[in-house]
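Engineer: Before we start, here is the structure in question, set down as structure tokens.
The values are calculated or read from the model by the stated rules, or taken from the named source; none is laboratory data. On a predicted model such as this, the values are computed, not experimentally measured, just so you know. All Cβ positions, glycine included, derive from the backbone under ideal geometry; neighbour counts span all protein chains shown. Surface accessibility is based on the protein's heavy atoms, side chains included, excluding ligands, DNA and RNA. Shrake-Rupley method; radii C 1.70, N 1.55, O 1.52, S 1.80 Å.
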Amino acid sequence: MENTKKFDVIIIGGSYSGLATAMTLGRALKEVLIIDNAKPCNAQTPHSHNFLTQDGKTPAQITALARQQVKKYDSVVFFDGLANNGTKTVNGFEIQVKSGEKFRADKLIFATGIKDELPGIEGFSDCWGISMLHCPYCHGYEVRNKKTGILGNGENGNELAKLISNWTNDLALYTNGKSTLTGDQTKKLTDHNIKIVEKEIKEFEHIDGYLQNIIFKDGTKAQVKAMYCRNSYEQHCKIPESLGCELNAEGYIKVNPFQETTIDGIFACGDNTTRLRSVANSVAMGTLAGMTVSKKIILEQF
């Protein structure tokens with residue numbers, strides 16, 4: 001690929017949201033480059049759920065079919081690599097990838113997701129996305145009525161425990177140290193038979209990512225088959241910030257209802273913009289971003 005070619009749009013990130021954007025732009029006859037390094041955050045997740053027509057498929061299967069369908073549009077080009085720098089030019093933007101190539105476009109769309117900051121407890125990362133879960137609407141049905149834990153404390157742990165109680169009556173909140181719940185929160189949870197365990201955790205015992213037991217630092221253990229946790233996170237890609245895009249109070253890229261960032265000509269969609277983290281939502285946001293960008297280009301060139 002010649003690095004002097006200028007595209008109508010460069011999409012950074014080729015997972016669900018980026019691919020949905022690319023399909024919409026391809027169908028609008030726009031010249032599009034997708035830059036993707038093939039490291040999605042759900043790589044360990046065995047199955048994806050709550051997405052019509054694809055329920056139960058693996059993330060890899062959904063992505064493979066999406067790429068196959070997007071590649072049918074001749075104006076869409078893929079580049080396998082990591083975008084690591086972006087600059088504003090007189091007539092648009094320039095993106096540089098790790099291998100040194102540079103590409104130019106009138107508009108940029110970031111579908112780069114977020115990077116989870118996982119606790120350093122042994123076994124946690126091995127179970128993340130398999131039996132250590134973030135969303136009951138994505139995975140709760142599959143672990144319904146099983147012995148389930150919540151890893152959390154304070155208001156965060158309280159809120160998540162109340163939510164997950166919909167899917168199981170065998171539930172415990174593991175605070176990994178002294179509880180910071182209020183008295184009212186503690187009473188409400190215990191009144192609903194949700195146990196509160198304040199022991200510090202040493203390890204999550206598992207078989208190929210499927211939880212078996214929590215091993216505590218005092219040597220005792222508790223059986224558990226699934227756990228939920230809300231981790232901290234950061235933006236997976238720092239280029240939007242370097243170009244001046246604002247983040248909101250939660251650390252997501254600030255966008256308006258049409259996926260426009262605070263910088264003219266730059267758009268964002270998917271997990272990097274919202275806590276509503278699902279395949280279906282990412283696809284919807286990507287489609288909207290593609291429609292918004294294509295309309296802007298059409299009207300600007302008219």
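Engineer: Quick one: how many Å² of Met132 are accessible to a 1.4 Å probe, rounded to 10?
Structural biologist: Per-residue accessible area (Met132): approximately 0 Å².
Engineer: Given axes a ≥ b ≥ c from the Cα gyration tensor, I'd like to know whether region 1-112 is rounded (a/c under 1.5), prolate (a/b larger than b/c) or oblate.
Structural biologist: Numbers: a/c = 2.44, a/b = 1.70, b/c = 1.43.
It comes out prolate by the Cα gyration axes.
Engineer: Non-local amide H neighbours of Ile34 (under 5 Å, H modeled in plane, Pro and chain starts lacking H): which ones?
Structural biologist: Long-range HN contacts for Ile34: Ile11, Val77, Phe78, Phe79.
Engineer: Taking the Cα centre of each part, how many Å lie between region 25-85 and region 273-302?
Structural biologist: 15 Å
Engineer: Non-local amide H neighbours of Leu173 (under 5 Å, H modeled in plane, Pro and chain starts lacking H): which ones?
Structural biologist: Counting only residues 5 or more places away or on other chains, the set is Ile150, Lys195, Ile196, Val197.
Engineer: With +1 assigned to the C-beta of every Lys and Arg and -1 to the C-beta of every Asp and Glu, and no other charges, what is the dipole magnitude of the chain about the Cα centre in debye, to the nearest 20?
Structural biologist: Details: 35 positive and 34 negative charges, 86 e Å.
Dipole about the Cα centre, nearest 20: 420 debye.
Engineer: Let me ask something additional. DSSP loop GluC sites (Glu not before Pro) in region 31-102 with at most 16 other Cβ atoms within 10 Å of their Cβ, which ones? Write out the running numbers ahead of the final one.
Structural biologist: Values: sites: Glu31, Glu94, Glu101; in loops: Glu31, Glu101.
The qualifying sites are Glu101.
Engineer: Name the long-range amide H neighbours of Phe267: under 5 Å, sequence gap of 5 or more, or other chain; modelled H, no Pro or chain starts.
Structural biologist: When sequence neighbours closer than 5 places are left aside, the close amide H contacts are Leu108, Ile109, Phe110, Thr261.
Engineer: Can you pull the accessible area of Arg230 for me, 1.4 Å probe, Å² to the nearest 10?
Structural biologist: Surface accessible to solvent at Arg230 totals approximately 90 Å².
Engineer: State in Å² the accessible area per residue of the chain; use a 1.4 Å probe, count heavy atoms of protein chains only, and round to the nearest integer. Don't skip to the end; give the middle numbers.
Structural biologist: Values: 15120 Å² over 302 residues.
Heavy-atom SASA per residue in the chain reads 50 Å².
Engineer: Leaving out ligands, DNA and RNA, and with a 1.4 Å probe, what % of the accessible surface on region 172-271 is carbon or sulfur?
Structural biologist: 48 percent
Engineer: Please say if the chain is rounded, prolate or oblate, where rounded means a/c under 1.5 for a ≥ b ≥ c the square roots of the C-alpha gyration tensor eigenvalues, and otherwise the choice is prolate for a/b larger than b/c and oblate otherwise?
Structural biologist: Details: a/c = 2.38, a/b = 2.19, b/c = 1.09.
Prolate shape, in that a/c is at least 1.5 and a/b is the bigger ratio.
Engineer: Report the local net charge at Phe7: Lys and Arg +1, Asp and Glu -1, summed over other residues whose C-beta lies under 10 Å from its C-beta.
Structural biologist: Values: positive: Lys5, Lys6, Lys30, Arg104, Lys107; negative: Asp8, Glu31, Asp106.
Value of the local net charge: +2.
Engineer: Here's a follow-up. Mean Kyte-Doolittle of at least -1.0 plus a Cα span of 20 Å or more along the axis: flag which DSSP H helices in the chain meet both, please. Working shown, then result.
Structural biologist: Values: long enough: 279-301 (33 Å, 0.71).
Qualifying helices: 279-301.
Engineer: I've got another one for you. I need the peptides 213-220, 120-127 ranked by packing, meaning the mean over residues of other C-beta atoms within 10 angstrom, with the highest value on top. Before the final figure, lay out each step's value.
Structural biologist: Values: 213-220: 14.5, 120-127: 17.2.
Per-residue mean Cβ counts within 10 Å order the peptides as 120-127, 213-220.
Engineer: Quick check: from the Cα gyration tensor, does region 109-228 come out rounded (a/c under 1.5), prolate or oblate? Can you show the working numbers first?
Structural biologist: Details: a/c = 1.41, a/b = 1.19, b/c = 1.18.
Verdict is rounded for region 109-228.
Engineer: For Tyr210, Tyr16, give me the order by solvent-accessible area with a 1.4 Å probe, most accessible first, ignoring ligands, DNA and RNA. Write down the numbers at each step before the final one.
Structural biologist: Numbers: Tyr210 110, Tyr16 20 Å².
Most to least solvent-accessible, the answer reads Tyr210, Tyr16.
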